[in-house]
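Each remark here refers to the structure printed beneath this line.
The values are calculated or read from the model by the stated rules, or taken from the named source; none is laboratory data. Model, not experiment: these values are computed from the prediction. Here the Cβ positions follow ideal geometry from the backbone for every residue, glycine too, while neighbour counts run over all protein chains shown.
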Amino acid sequence: MGPGGSGSGWPLAGTVLVAVATSLAAGGEDCLWYVDRNGSWHPGFDCEFFTFCCGTCHQRYCCRDPLRLITERQQRHCLAF
């Protein structure tokens, strides 16, 4: 057995990671309408399954990279400013 013994927690950590990834992919984080840096209005759009809204306050697109994710809450914050 390794240093963590039979209950080292790794299976649980993997399960949690999969649950978080699934909720991000299927969580309904679609792109809301936005205004780009030139002042042009862009309508909101839905991302395909297993993708989510990515980008910034002024440019949005669908992607699979969780590091580029912009949540609907963050998007609404953009609208306030």
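A few notes on this one:
- Checking CYS78 against (1) at pLDDT below 95; (2) surrounded by 14 or more Cβ atoms within 10 Å (Cβ to Cβ); (3) in a loop (DSSP other than H, G, I, E, B), the condition it does not meet: (3)
- Close pairs from segment 54-81: first within 17 Å of ASP36 (Cβ to Cβ), partner acidic (Asp, Glu) and in a loop (DSSP other than H, G, I, E, B), Cβ under 6 Å, at least 6 apart: HIS58/ASP36
- Within this structure, PHE45 passes the test of being among the aromatic types (Phe, Trp, Tyr) and within 15 Å of the chain's Cα centre (by Cα).
- Top-ranked residue of segment 23-74 - restricted to ones that are assigned to a helix (DSSP H, G or I) and out of contact with any Cys (no Cβ under 7 Å at 6 or more places or on another chain), ranked as modelled with the lowest pLDDT: ALA25
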